[in-house]
1. Just the accessible area per residue of the stretch 15-102, please: how many Å² with a 1.4 Å probe?
2. Which of the peptides 246-254, 263-271 is most tightly packed, and how do the rest follow, going by the mean number of other Cβ atoms within 10 Å of each residue?
3. Just need the relative contact order of the stretch 9-277 here, percent rounded to a whole number, with Cα pairs under 8 Å and 6+ apart.
4. How much accessible area per residue does the stretch 237-279 have, counting only protein heavy atoms and a probe of 1.4 Å, in square angstrom?
5. For the chain, what does the helix formula give at 222 nm: sum of -39500 (n - 2.57) over DSSP H segments with n ≥ 4, over the residue count, nearest 500 deg cm²/dmol?
6. How big is the stretch 35-179 along each principal axis, measuring the range of its Cα positions in Å and listing the largest first?
7. On a C-alpha basis, how far is the centre of the stretch 160-176 from the centre of the stretch 1-79 in Å? Whole number, if you could?
8. Report the net charge of residues surrounding PRO50, where surrounding means a beta-carbon distance below 14 angstrom and charges are Lys +1, Arg +1, Asp -1, Glu -1.
Amino acid sequence: MTTDAGVTIGSTLLAIRDDVETAVKLNRDLGFQAMEVHGSHLGAGFPNVPVLEAHAAATGQLIRDQGLIVSTLNVAGDPSFQPYGNRDDRQATIDGLARHMRWAHAMGAPRVLFWDGIVDNPSEIGSACETLADVINAARDKSGLSTPPELTCELHPFTFALTHRAIEDLGASLVAAGAGICFDFAHFGVALKEDLTSLLTPGVIAATNLLHYSDTDFLSSEVHFPPTEGKVDFDEIGRLYKNRNIPVAWDLFSWPAPRHAVGTHMQHYERFVGLVCNQ
């Protein structure tokens, strides 16, 4: 499988209102070398029509036919992900994550991105970390894959690890389960604000296996700004992640003019990819 570390990675979310075929061509034309696929772009997009591994396989082939590398399958926020509920909720989560791993395998994606979920009670954080690790291991077994994709957990401002400042604890549990953290600059920035880089401890950095690159105003959850248009200290983050050789994906989720931003800010992103991947 071709690695996506050290190359520029776009996303189907650059064309969030368009079909996957349009999204792939757009990413190619904008100059990206690889492409993350959001789960919502797989399948027919028609009510009650299931997404199958055949959809994922065809999508992966479409991406490769356009000369791009298949990157992450992003299913963060999938409604089946309810690991901290009752026994049925947990089993549905295991089944769902296993299904997503099979989609990624069929697509040729090196990893699946999910989130950590919501836990309201701070006293339950320790058990939540253990539960998530158990769910990951069970889903990997359930997938039936001899070479399952890597797993990465994207924290959000409203999910438990950032809400309760349990980033290092979650990271340790993820690593123990053979998974890692997706450090999304915008999500971390909105949740942590000026504490953003101070909480990037050696343990968190070591647990990181994917970066989602963007800027943020530290206020607007789910709005990812173009780099240098917000408050992120890219120099400090670059210093912390220098030479880590992990993928760095351009993630301008919900920005009103994502195509224009690629044209005007791509050089900042390319420099950062080179710094992280020692180019």
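1. Using a 1.4 Å probe on heavy atoms only, each residue of the stretch 15-102 averages 50 Å².
2. 246-254, 263-271
3. On the way: 503 pairs, mean separation 38.5, N = 269.
That works out to 14 percent.
4. For the stretch 237-279, the solvent-accessible area averages 49 Å² per residue.
5. On the way: 10 runs with 119 residues, N = 279.
Helix contribution divided over all residues of the chain: -13000 deg cm²/dmol.
6. Principal axes ranked by extent give 49, 30, 30 Å for the Cα atoms.
7. Here the answer is 28 Å between Cα centres.
8. Values: positive: ARG99, ARG102; negative: GLU53, ASP78, ASP95.
Here the count lands on -1.
The values are calculated or read from the model by the stated rules, or taken from the named source; none is laboratory data. On a predicted model such as this, the values are computed, not experimentally measured, just so you know. Cβ coordinates were reconstructed from backbone atoms using ideal geometry, including for glycine residues, and neighbour counts include every protein chain displayed. Just the protein is used for accessible areas: all its heavy atoms, side chains included, with ligands, DNA and RNA removed. Shrake-Rupley method; radii C 1.70, N 1.55, O 1.52, S 1.80 Å.
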